[in-house]
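Notes to accompany the following structure.
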Amino acid sequence: MKVKNLETLQDKLDYEMSWRRQEIIRMQIRSVSNSTDATTLRSAYLLLYSNWEGYIRVAANYYTIFVFSRDISLMKLTDGFQAIYFENKIKNVRESKKTVVFQQFLQYLHGQEGLAPHRKYNDELGKRFVNTDSNLNFERLNNIIKMIGISTDFSLRKEWIDNHLLNSRNKIAHGERPDLSTLDFKQTSDQVLFMMDKFTRDILDAAEAETFIRT
């Protein structure tokens, strides 16, 4: 997969955002019209979380593909994108704990620095450039933001991410019946839509400003 220019990146993000927004809004309407149906509300939270995590993962990966499609040598990219590119190698070094493995990694690293990224992208668990690990809490989200080098700051929404969204989803997924209301869902889903929009704008701003290039 290639995302060779800003227009293609925007088209892909717009498409992902459009169908997810429509789905979330439909669930808002359905939760209001079935306000006494706890099953509908629990389903709505599961769908809301899946769209939230799915969009952040897809958007971050599209941006990474865009960066790696620019034919810029690795040594000119920021540390975050170098870390993304060498993630699997770094993981092997960390798990091995052998000096010779670390030495081999350094030799490989120096041999790749002048080359443009060419790692194949696979949209499968554990094989994506950026993974959310099926548990997108504030800390993991913040790590993704820092890695791809965008200006997004969701620190004021940590409570919404960790408790109103993720904790509610986890309780439902584990067979519990949390005390939820239609108003809770409306407020949480509005926050999610705001954050998805913000994440999109900041990715496009970073792509246009080429903040992925080391200064």
Quick check on my filter: what residues within region 142-165 are open to solvent by 70 Å² or more (accessible area, probe 1.4 Å), farther than 14 Å from F194 by Cα and touching a helix residue (DSSP H, G or I) at 6+ places or on another chain (Cβ under 8 Å)? K146, S151
Identify, from the list D162, D153, D179, the residue that is within 23 Å of T39 (Cβ to Cβ), of a type in the set (D, E) and free of Cβ contacts under 8 Å to residues at least 60 places away in the same chain. D179
Scan region 118-129 and give yes if some residue there is open to solvent by less than 30 Å² (accessible area, probe 1.4 Å) and at pLDDT 90 or above, otherwise no. yes
Restricting to region 16-38, name every residue that is open to solvent by less than 80 Å² (accessible area, probe 1.4 Å) and either aliphatic (A, V, I, L, M) or under 18 Å from P178 (Cβ atoms) (or both). M17, I24, I25, M27, S31, N34, S35, D37, A38
Among the residues of region 56-81 satisfying the criterion of being polar (S, T, N, Q) and surrounded by fewer than 20 Cβ atoms within 10 Å (Cβ to Cβ), which is nearest to Y15 (Cα to Cα)? S69
Only helices (runs of 4 or more DSSP H) wholly contained in region 67-170 count here; list those with 3 or more residues that are of a type outside the set (A, V, I, L, M) and more than 27 Å from E7 (Cβ to Cβ). 87-96, 99-112, 138-148
Any idea which of A173, A206 is farther than 15 Å from A44 by Cα, touching a residue at least 40 places away in the same chain (Cβ under 8 Å) and either open to solvent by 70 Å² or more (accessible area, probe 1.4 Å) or small (G, A, S) (or both)? A206
Within region 34-48, is there a residue that is of a type in the set (G, A, S) and either more than 23 Å from the chain's Cα centre (by Cα) or on the phi > 0 side of the Ramachandran plot (or both)? yes
Residue check, V130 out of contact with any strand residue (DSSP E or B) (no Cβ under 7 Å at 6 or more places or on another chain), within 26 Å of K198 (Cβ to Cβ) and of a type outside the set (D, E): yes
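The values are calculated or read from the model by the stated rules, or taken from the named source; none is laboratory data. Please read all numbers here as calculations on a predicted model, not as lab measurements. Counting neighbours? That spans all protein chains shown, and the Cβs are built from the backbone with ideal geometry, glycine included. Ligands, DNA and RNA are excluded from the accessible area calculation, which covers all protein heavy atoms including side chains. Shrake-Rupley method; radii C 1.70, N 1.55, O 1.52, S 1.80 Å.
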